[in-house]
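These notes concern the structure reproduced below.
Just so it is clear, none of the values below were taken in a lab; they were calculated from the coordinates. What you are looking at is a predicted structure, and each value in this text was computed from that prediction instead of being measured. Using ideal geometry, Cβ is built from the backbone for each residue, glycine included, and neighbour counts are taken over all protein chains shown.
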Amino acid sequence: MWVTTAVIAIIVTYVIVTYNAFVWLRNRARNAWADIDVQLKRRHDLVPNLVETVKGYAAHEKGVFEDVARLRARAAELEKMHERGEAEADLAGAIRSLFAVAESYPELRADRNFRDLQAQLAEIEDHIQYARRYYNAVVRDLNTKREIFPSSLVGGLFGVQPLPYFQAEDDEREPVRVDTKAVP
């Protein structure tokens, strides 16, 4: 009788501790995603200033400016993590294109306002990278705990779902191509 009660108590304690670990990891993942979101908001706030500065020097590059504005708006309106991640990757590519355009204009590169905006964006991108790494580490821990035995039994019992990683898209892995023929 005592042995049965002790075994049941151990199992119940294990289930409670494991469930709480899942809750803790899920909340850390949500917090990490919120940190990414804060950094992305900072980038979204900076992009219009950057675009306006470049527009003054490269008015004929209308397509690049329209892409940046469209992708910024799209990324800001999405709620789901994986959709938002894809949209942010597209926006990052458009921003790289904007800088590629800026490389063709020495007077723009020498502009103090542009250099300040570029430095701020570089700092924000570093913060986004750190936040992504932390988020992915928490997601890795949650997904691993969900898959290993015996915690997978508890995860399955309570419907714990895997979370997606915040990944770089294929175009983020490639270098930006500059079309020097388009420069007047």
**Message:** I need the phi-derived Karplus couplings for the range 129-145: 6.51 cos²θ - 1.76 cosθ + 1.60, θ = phi - 60°, integer Hz, Gly and Pro marked x.
**Reply:** 4, 5, 5, 4, 4, 5, 4, 4, 5, 5, 4, 4, 5, 5, 5, 5, 4
**Net charge dipole size for the range 2-164 [Lys, Arg +1 and Asp, Glu -1 on Cβ; Debye, nearest 20]** = 540
**Request:** Grab the alpha carbons of the range 1-147, take their convex hull, and tell me the volume per residue in Å³.
**Result:** 101
**J(HN,Hα) series, the range 22-37, from Karplus relation 6.51 cos²θ - 1.76 cosθ + 1.60, nearest Hz, glycine and proline x** = 4, 4, 4, 5, 4, 5, 5, 5, 4, 5, 5, 5, 4, 5, 4, 4
**Prompt:** So between Arg26 and Asn113, what do we pick up on full extension, going 0.36 nm a residue minus the alpha carbon distance?
**Reply:** 27.2 nm
**Prompt:** Among Trp24, Val38, Val101, whose Cα sits farthest toward the positive end of the charge dipole of the chain (+1 at Cβ of Lys/Arg, -1 at Cβ of Asp/Glu, about the Cα centre)?
**Reply:** Trp24
**Asked** Which ³J(HN,Hα) values, rounded to whole Hz and listed in residue order, are derived for the range 95-103 from phi using the Karplus coefficients 6.51, -1.76 and 1.60 in 6.51 cos²θ - 1.76 cosθ + 1.60 with θ = phi - 60°, glycine and proline given as x?
**Response** 5, 4, 5, 4, 5, 5, 4, 4, 4
